[in-house]
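J.: Next up is a structure, given as structure tokens.
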Amino acid sequence: MFEANNPEINVDVLMQKIRQEVTQRKNDYQPVVLNSTKFKSSAVRFDVSHIETLLGDAESRANVRTKWPDKWNRFPFNFSSVIQKTALKILGFIFKDQREVNFNLIQSLKESLLLNQQLISEIANLRSQVEQSTIIIENSVPAINKRLDIVDDSLQTFKECLTKADGRQQAFEECLTKADGRQQTFEECLTKADVRQQAFEECLTKADGCQQSFEERLHVMEELLGTKVTQSLPPCLEVTEESYINTAIALSKIPIEEHYQHNKKDLFYYLFENVFYNSEVVKEKQKIYLKFINLHVSQSYRFFDAGCGRGEFLQNLTEKNIKCIGVDLNKLEVNNLIKSGFDAHEADILDYLESHNEQYSGVSAFQVVEHLNFEYIHKFLSISFERLVNDGVIIIETVNPHNLYGLSNFYQDPTHIKPIPPEMLKFILEWHGFKKVKIVYSSLFPKTTRIFRDEKMNYQDYAVLGYKKI
């Protein structure tokens, strides 16, 4: 039985009081501001001691009671000691679990209190360190401000220097632009100078070539005119060459034993041509006139070669499949052509044309008109015009009197009457009705002997060509 003077311990009420006390202290707690008042460690220590007192009182009350409270020994609770012990044991058994909870809670609060004490100590240390750091910072602020002022001044000076540098850079860029312009102008001048130098060198090269050509032509002219001084000429000059007659006989296609069978005049001219007019060279040279023949007309009409001689042009015509006929006074040469398969006739040109009314695609006379008198030439051109078909061509070739070398050798052929200027022969063809008359110069001198500035004077032969146009 409980004693009457021992009141019952209500743990719930006790815990409620502890919670209220903690809540009240939380409400009364003011956070420590580092930059305001100093940290009051004495007040914290007082609060901790008060909490320790409360925890001690709670712990003592939570212990198992072994003694009946004195205030319960009064009536009506003044039970016997046996009843008191029994009541205490029953009470202890009933509240055994509650006591364990209370002890665990009290132990937790103690550990929390111990942890708070450590935190308070750490906070105090940190506060001390913060105050020391604040003092150091406060002491360093003036120096920092001075340095910042210095930095500001330096920045201002640096900005001014940058402004000046920008101005100088702009001026430098302008100078560079001007320098680039001057450099470009200088390069253009150099280019022009190079071009002029190249042109000058070309002029020098041309001058050297002209000088060399002039010297060569002067040398040839001196030789042709006999004005070149030769230091080692003998008093009497003897010229020994191979026998012309032997050369003529060697080149002849007629056996020597048959020479007596031919007319002496015909044989003489045949052998003479073999020496002074190479037949292969003549044939090759006359090929240039084939391009002036109207091939369409030549398919229906034969080509007439007046004074065909050895037949060089007849050969060229035949090789181009152009039908042709030749007429010459030299019976020996005509017979040779007939033996070679050509249609050749021994006759005078005018007599043949007047006695035959055949129409021809073209008429040619190579190295013939210089053998004819002026009246014969007129008649030949007149009847040739009559015998030609429309678009038929006439080709008259002779020695070029503008060429000194050709003119000097003109009378080497004893049958030549006189040279005929190309301009006069062209006029005669136009007089007789020929159209599109042109002069074609041929037999060009070698380059080293072209001494005349007038181009036509460097060709030994010429031909006048014209067409019948109705």
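Each reported figure results from applying straightforward, stated rules to the coordinates on display, with no laboratory input. Note that the structure is predicted; figures quoted are calculated from it, not measured. We place every Cβ from the backbone using ideal geometry, glycine too, and count neighbours over all the protein chains shown.
J.: Would you grab the residues whose amide H sits under 5 Å from the one on C324? Only those 5+ places off in sequence or on another chain, please, with H modelled 1.01 Å from N.
T.: Those qualifying (amide H under 5 Å, at least 5 residues apart or on another chain) are F303.
J.: Give me a comma-separated list of calculated 3J(HN,Hα) values for segment 439-446, in order, Karplus coefficients 6.51, -1.76, 1.60 applied at θ = phi - 60°, integers in Hz, x for any Gly or Pro.
T.: 10, 10, 8, 8, 6, 5, 5, x
J.: Could the peptides 167-173, 102-108 be put in order, highest first, of the mean number of other beta-carbon atoms found within 10 Å of their residues?
T.: On the way: 167-173: 10.3, 102-108: 14.0.
The densest-packed peptide leads the list: 102-108, 167-173.
J.: From the phi angles alone, apply the Karplus equation (6.51, -1.76, 1.60; θ = phi - 60°) to segment 418-426 and give each ³J(HN,Hα) in whole Hz, x where the residue is Gly or Pro.
T.: Couplings: 6, x, 10, x, x, 5, 5, 5, 4 Hz.
J.: In addition: For Y360, what residues show an amide H to amide H distance below 5 Å, using hydrogens built from the backbone and excluding near sequence neighbours?
T.: L388, V389
J.: May I pose another question? By per-residue mean of other Cβ atoms within 10 Å, what is the highest-first order of 182-194, 350-362?
T.: 350-362, 182-194
J.: Give the long-range amide H neighbours of Y441: residues separated by 5 or more places, or on another chain, with amide H under 5 Å away, using H modelled in the peptide plane at 1.01 Å from N.
T.: Answer set, sorted by chain and number: A463.
J.: Sticking with this structure for a sec: Given the C-alpha centroids of segment 143-161 and segment 282-357, what is the distance between them in whole angstrom?
T.: First find each Cα centre; the distance between them is then 117 Å.
J.: Take the residue pairs K291/K456; K426/K469; K418/K469 and return only those whose Cα atoms are more than 27 Å apart.
T.: Details: K291/K456 21 Å; K426/K469 16 Å; K418/K469 30 Å.
K418/K469, as the Cα separations exceed 27 Å there.
J.: A further question on this structure: Arrange the peptides 420-429, 365-374 so that the one whose residues have, on average, the most other Cβ atoms within 10 Å appears first.
T.: In descending order of packing, they fall as 365-374, 420-429.
J.: On the principal axes of its Cα set, how long, how wide and how thick is segment 259-410? Give whole Å, largest value first.
T.: Its Cα atoms span 41, 39, 31 Å along the three principal axes.
J.: To the nearest 0.05, what FRET efficiency results for L105 and T134 with a Förster distance of 45 Å applied to their C-beta separation?
T.: Efficiency for this residue pair is about 0.65.
J.: Got a sec to turn the phi values of segment 183-196 into Karplus ³J(HN,Hα) couplings, 6.51 cos²θ - 1.76 cosθ + 1.60 with θ = phi - 60°, whole Hz, x for Gly and Pro?
T.: So the J values, rounded to whole Hz, are 5, 4, 4, 5, 5, 4, 4, 5, 4, 4, 5, 4, 4, 5.
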